1. Would you mention how many residues in segment 80-115 are part of a loop (DSSP other than H, G, I, E, B), within 14 Å of the chain's Cα centre (by Cα) and among the β-branched types (Val, Ile, Thr)?
2. Count, please, the residues in segment 116-136 that happen to be of a type in the set (Gly, Ala, Ser) and assigned to a loop (DSSP other than H, G, I, E, B).
3. Just to be sure I understand, how many residues within segment 103-120 are in contact (Cβ under 8 Å) with a residue 60 or more places away in the chain and surrounded by fewer than 22 Cβ atoms within 10 Å (Cβ to Cβ)?
4. For the list (1) at pLDDT below 90; (2) farther than 30 Å from Leu63 by Cα, I need the number of the one condition that Trp212 fails.
5. Which members of segment 170-209 meet the condition of being touching a Gly at 6+ places or on another chain (Cβ under 9 Å) and charged (D, E, K, R)?
6. May I ask you to list the residues in segment 144-189 that are touching a residue at least 40 places away in the same chain (Cβ under 8 Å), surrounded by fewer than 17 Cβ atoms within 10 Å (Cβ to Cβ) and polar (S, T, N, Q)?
7. Being of a type in the set (A, V, I, L, M, F, W, C), in contact with a helix residue (DSSP H, G or I) (Cβ under 9 Å, 6 or more places away or on another chain) and modelled with pLDDT of 90 or more is true for just one of Val73, Val151. Which residue is that?
8. Can you work out which of the residues in segment 1-26 that are under 15 Å from Ala211 (Cα atoms) and open to solvent by less than 50 Å² (accessible area, probe 1.4 Å) is modelled with the lowest pLDDT?
Amino acid sequence: MSLFARGIVYSIASAVIFGFTPILTRIAYDEGANGITMTFLRAVFAIPVLAPLLRLMGLSFRLTRTQVRDLFVAGGIGSAVTTLMLYISYSYIPVGLATTLHFIYPIAVSVGCVVFFGDKLTKSTLFALVSCSLGVLLFTGRATTGSTTGVILSLLSSVTFAVYVIYLDKTDLKKMHYVKLSFYLCLCFIVVSGAYGLATRTLTFGLSAKAWFYALLVSFFTSILALPLLQVGIRLAGGTTAAILSTFEPITGVVLGVVVLGEELSTPKAIGCACILAGVLAITLSKPSQEAGRKCETKAE
């Protein structure tokens with residue numbers, strides 16, 4: 001399997017994992033958890049796994065000044081702040097609408113890469129971008145706009161997450177081993193979500209045993225599996241492609257809603273899934289010809 005094809009597989013796998021973890025998170029919410037606590041715990045539980053793994057693999061914890069700066073932007077602003085804004089937006093508007101507004105970030109990634117880094121937007125990538133964006137929009141159904149605050153937070157979360165993806169693709173973070181990068185990104189999550197939770201008194205640990213268990217599962221699937229898979233996917237396939245492929249996340253949510261929760265598969269959602277699959281197919285069939293022109297940094301520090 002070529003490097004680009006592996007990047008596609010890793011990106012889709014990451015999106016699928018991110019897509020089913022909200023079900024686990026929902027169970028934890030019913031047992032006393034909240035968005036801020038889950039953001040904090042999913043990072044905390046990952047540290048005892050990632051730190052020994054770093055040592056076992058012979059990787060250094062040392063960072064250069066440039067890496068510290070890039071981690072501050074990508075981890076603190078791009079990833080942790082994104083999660084906080086998205087979770088907070090759920091308090092103002094429906095989750096489906098918030099998620100849809102957040103998933104315009106592939107557009108932001110594409111525009112950012114073209115404007116600031118001179119990347120070429122091919123016809124196939126443009127088709128995939130439009131097709132996947134349309135697919136995500138169809139998932140909203142007839143959701144009302146709700147509070148302006150919620151809409152603004154969701155839109156801002158798409159912009160900050162685009163910053164995260166672009167930084168992982170275009171800076172020295174791309175050269176950092178994915179385990180080391182995951183470790184420091186989790187530290188960023190802990191600092192940002194912990195500070196916000198303490199300041200707003202939303203960080204709570206009065207959870208049931210069931211909530212702690214599901215928080216542990218969410219941490220394993222997101223911080224240990226999905227996060228590193230996304231990083232490798234961005235490294236091998238590129239930020240724009242990985243961002244577009246991340247639209248598999250809402251597809252996963254729809255499928256699990258039908259299979260696990262017995263929800264009805266509406267016509268708009270079915271068409272939305274088809275649009276996303278068409279976009280992914282367009283990327284898969286067209287990108288191999290461009291792979292030779294893309295140099296992937298796979299050597300670990």
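1. Looking only at that region, the number is 1.
2. The number of residues fulfilling the criteria is 1.
3. Final tally of qualifying residues: 1.
4. For Trp212, the failing item is (1).
5. Within segment 170-209, Lys170 is the sole residue that qualifies.
6. Those that are touching a residue at least 40 places away in the same chain (Cβ under 8 Å), surrounded by fewer than 17 Cβ atoms within 10 Å (Cβ to Cβ) and polar (S, T, N, Q): Thr144, Thr145, Ser147, Thr149.
7. Checking each option against the conditions leaves just Val73.
8. Per the stated criteria, the residue is Ile23.
The values are calculated or read from the model by the stated rules, or taken from the named source; none is laboratory data. Being a predicted model, the structure only gives us computed values, none of them experimental. Cβ sites come from the backbone with ideal geometry, for glycine too, and all protein chains shown count toward neighbours. Heavy atoms of the whole protein, side chains included, go into the accessibility calculation; ligands, DNA and RNA do not. Shrake-Rupley method; radii C 1.70, N 1.55, O 1.52, S 1.80 Å.
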